[in-house]
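Please read the structure below before turning to the comments.
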Amino acid sequence: MKRSLAARPSAGLVTAVVVAVAAVLAPVLLQGSQVSVYVLLLLAATVVTGLSMLMGYAGQVSLGQGSFYLIGAYTAALIATHGMPTWLGLLAAPVAAAGIAALVGVPLLRLRGHQLAFATLAIQLILLSLAGRQEWAGGDIGLQGVPRLEIAGYEFAGDASYAYLALGALALVALITRNVVASRPGRGLRALATSEVAAASSGVPVPAYKQAVFSLSAGYAGLAGGIYAFYIGYVAPGSFPVLQSFEYVVMVAVGGAGTVWGALAGATAITLLIQLLNNVGTMDGMPAAAPTVLSYAVYGALLILSVLFLPRGLAPSVAAWWERRAARRRPPPGDSSVPSPHDLAGTPS
Amino acid sequence: MSAFLEYLLSGIAVGCGFALLASGLVVIHRVTQVVNFAQGMFAVVAGLTAGSLLSAGLPHGVAELAAVAVAGLTGLLVGLIATGRPGTSPLSALIVTLGLGFLAYAIEIMVWDDNPHSFAGLGGAVTIAGARIQRQSFLVIVVAAVVFALLAVFFGRTYLGKALSACASNPYAARAVGIDVTRMGLIAFALGGVLGGAAGVLLTPLQPISYNSDVLLITNGFAAAVLGGLTRPGVALAGALTLGVAEAMVAGYYEASYQTVVALALMLTIMVWRASRRTTLQEEAAR
């Protein structure tokens, strides 16, 4: 009994340490274009962590999370291309995204369920259409020649340095999320996802909390967008298609909403799978449309299968399976020692 | 003045297309509580199929009807996958229909390609008071009017239609009197497919369709349907006509690229306005 209690946290801890070590070593071990896939994976995971919190804890589906990514990227690019210090751009990106989310959230968060999902999608379509028409934002061509990020004299020049920057951003975001969901407001959020009326009557300030989570998740997306702008070096409306926002939802659904681990698992699984399919699709003898066809088919199939057959997502389902297996091997412990899936959220990478 | 009439009539024609799409959304949502994101895909499938059948030598009319039937079958299939598994919540089913939309992208690119396609509809144009209006526009308006009249008769006068309405208002009571709610859901999806397909077949000659046209179609259809709270086809028709005319006016007098922005902003305003008139308690009770 004593052994099994001691063994369980270590299983989670070992996973966390392994993932963390692998994440830190990856930029050194990977070569060439693999590093850029890794950077984009980390940025996606940063966005997905926020969306997972929004979907899993506040129970709100956003089909337009890419719009905050876009706002972050444009903010960073505008500041950097106007001769202001680039670190200011990186700081301003999440602030601008969170600020705009707070403004937009006032009317939008009155909506729920499919209406909110649709409204966020509409916001992104409007934003894309407007961004393509603005002179100062470079129109459809976008903003070219964004300078490299420079913080306190250190220039982020290589792929590896951006990989560490993105890793740092992801760690920061995971830490914030972990503390938010473990706090008293976090419990309030979980309550309002089930029933807003019940939560409100037990003293949860429902509108304020929904606003806060919406802005926070937008801030994450803005931060990731800012790093993206410096890493890629240009931003254009075409870089932020609606499909990307759907992709984030797929990642959350596949990984499991409401846990940091789920966000990481979803982002990693989808990014690697799409990369693999891209490699298959561009092999000799494949038709030109193959990569597109394959990626659409896989998005669709994964989304359908995970929603129908793994409704809780990859990470929580695997954890539950592991728990069941472990429980079978040892004598049944007291009920209080069975962890809820949310406990998994407590381990950041 | 002639320009105004031209924009007005083409707006009404496009609006009628949106209305057919929106009525499909409404039928499916009424019976199953599912918001069907694949509704725009039905129109795309029907439009592309009709084009292929016509170029394969089928006569007009037959090809279009066959394409609508294909869309109806697609609707049935979507319904089977999205609601066939017991215990799927409407919000999960929404995400499933989104996934089916992606799968359809893959199939559409394989069967056709990723370029916009069109086919010749009712050729020629008529001149009324100096305004040159395509005859296809009139065809869209007439067909939409007939379909809406048929829908009204179907829901008001036939047993099947009444059974569908019964499922919509109280699934438990419907089951108690012996109505198979699951089968009614599938019929609603098939009917949604037919309505979406009709929109696609009618609109393709007016505006070429490609695999990803469904996003714009569904946004417009949803904008129209949401006006009636996704339950009242008549209000959806009014919404669709307003939307179509507003878009045509913006495109005609201002700039074409702003027409979606106008439609979306209109939809957001209406949704937020409607939400502010309902309390949270009412909304959760309605779930």
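The values are calculated or read from the model by the stated rules, or taken from the named source; none is laboratory data. These figures come from a predicted structure and were not determined experimentally. Cβ placement follows ideal geometry from the backbone for every residue including glycine, while neighbour counts extend to all protein chains displayed. Only protein heavy atoms, including side chains, enter the accessible area calculation; ligands, DNA and RNA are left aside. Shrake-Rupley method; radii C 1.70, N 1.55, O 1.52, S 1.80 Å.
Of note:
- Residue check for B:F119: away from every other protein chain (no Cβ under 14 Å) and either assigned to a loop (DSSP other than H, G, I, E, B) or on the phi > 0 side of the Ramachandran plot (or both): yes
- Once the stretch A:109-131 is narrowed to residues that are outside any helix (DSSP H, G or I) and open to solvent by 10 Å² or more (accessible area, probe 1.4 Å), the residue that is nearest to the other protein chains (Cβ to nearest Cβ) is A:R110.
- The set of residues from the stretch B:77-106 being more than 9 Å from chain A (Cβ to nearest Cβ), open to solvent by 60 Å² or more (accessible area, probe 1.4 Å), assigned to a helix (DSSP H, G or I) and farther than 17 Å from B:D214 by Cβ comprises just one member, B:L80.
- Flag if A:V250 is touching a residue at least 24 places away in the same chain (Cβ under 8 Å), open to solvent by less than 10 Å² (accessible area, probe 1.4 Å) and within 14 Å of chain B (Cβ to nearest Cβ): yes
- Matching entry among B:V35, B:V45 (being crowded, with 24+ Cβ neighbours inside 10 Å and either in contact with a Gly (Cβ under 8 Å, 6 or more places away or on another chain) or hydroxyl-bearing (S, T, Y) (or both)): B:V45
- Only one entry in A:F246, A:F230 is modelled with pLDDT of 85 or more and among the aromatic types (F, W, Y), namely A:F230.
- The single condition among (1) without any contact (Cβ under 8 Å) to a residue 24 or more places away in the chain; (2) among the polar types (S, T, N, Q); (3) buried (at least 24 other Cβ atoms within 10 Å of the Cβ) that A:S245 does not satisfy is (1).
- Verdict on A:I141 being open to solvent by 50 Å² or more (accessible area, probe 1.4 Å), more than 11 Å from every other protein chain (Cβ to nearest Cβ) and over 16 Å from A:F240 (Cα atoms): no
- The condition of being assigned to a helix (DSSP H, G or I), crowded, with 24+ Cβ neighbours inside 10 Å and aromatic (F, W, Y) does not hold for B:F4.
- Complete set of residues in the stretch B:107-116 that are facing chain A (nearest Cβ under 7 Å) and touching a residue at least 60 places away in the same chain (Cβ under 8 Å): B:I109, B:D114
- Top-ranked residue in the stretch A:7-21 [being under 17 Å from A:E323 (Cβ atoms) and modelled with pLDDT of 70 or more; ranked as nearest to the chain's Cα centre (by Cα)]: A:A16
- Checking the stretch A:62-69 against the condition returns no match, with no residue being under 16 Å from A:P207 (Cα atoms), touching a residue at least 24 places away in the same chain (Cβ under 8 Å), polar (S, T, N, Q) and not in a helix (DSSP H, G or I).
- Verdict on B:L160 being within 26 Å of B:E64 (Cβ to Cβ) and in contact with a Phe, Trp or Tyr (Cβ under 8 Å, 6 or more places away or on another chain): yes
- Residue match in the stretch B:151-165 (condition: surrounded by fewer than 18 Cβ atoms within 10 Å (Cβ to Cβ) and within 17 Å of the chain's Cα centre (by Cα)): yes
- Candidates B:A256, B:A275: the one that is free of Cβ contacts under 8 Å to residues at least 12 places away in the same chain and more than 9 Å from every other protein chain (Cβ to nearest Cβ) is B:A256.
- For the stretch B:222-233, the count of residues that are away from every other protein chain (no Cβ under 12 Å), open to solvent by less than 30 Å² (accessible area, probe 1.4 Å) and within 16 Å of the chain's Cα centre (by Cα) is nonzero.
- The one condition in (1) open to solvent by less than 50 Å² (accessible area, probe 1.4 Å); (2) under 29 Å from B:A265 (Cβ atoms); (3) not charged (D, E, K, R) that B:A174 fails to fulfil: (2)
Rundown of residues vs (1) open to solvent by less than 30 Å² (accessible area, probe 1.4 Å); (2) free of Cβ contacts under 8 Å to residues at least 40 places away in the same chain; (3) at positive phi, yes/no style:
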site: A:V254; (1), (2), (3): yes, no, no
site: A:W261; (1), (2), (3): no, no, no
site: A:G266; (1), (2), (3): yes, no, no
site: A:L276; (1), (2), (3): no, yes, no
site: A:V280; (1), (2), (3): no, yes, no
site: A:D284; (1), (2), (3): no, yes, no
site: A:A289; (1), (2), (3): no, yes, no
site: A:T292; (1), (2), (3): no, yes, no
site: A:L305; (1), (2), (3): no, yes, no
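- Selection count where residues are in contact (Cβ under 8 Å) with a residue 40 or more places away in the chain and surrounded by 20 or more Cβ atoms within 10 Å (Cβ to Cβ), scope the stretch A:93-104: 7
This table checks each residue for (1) under 27 Å from A:V318 (Cα atoms); (2) touching a helix residue (DSSP H, G or I) at 6+ places or on another chain (Cβ under 9 Å); (3) open to solvent by 10 Å² or more (accessible area, probe 1.4 Å).
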site	(1), (2), (3)
A:V19	yes, yes, yes
A:V28	no, yes, yes
A:S36	no, yes, yes
A:V48	yes, yes, no
A:M53	yes, yes, no
A:V61	yes, yes, yes
A:S67	no, yes, no
A:I71	no, yes, yes
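- Test: residue in the stretch A:77-99 that is of a type in the set (G, A, S), assigned to a helix (DSSP H, G or I) and within 11 Å of chain B (Cβ to nearest Cβ): no
- Neighbours by Cβ (under 6 Å, 6+ apart or cross-chain): first from the stretch A:16-36, in contact (Cβ under 8 Å) with a residue 40 or more places away in the chain; second among the charged types (D, E, K, R) and part of a helix (DSSP H, G or I): A:V35/A:D159; A:S36/A:D159
- Residue match in the stretch A:200-218 (condition: hydrophobic (A, V, I, L, M, F, W, C), within 14 Å of another protein chain (Cβ to nearest Cβ), part of a helix (DSSP H, G or I) and open to solvent by less than 40 Å² (accessible area, probe 1.4 Å)): yes
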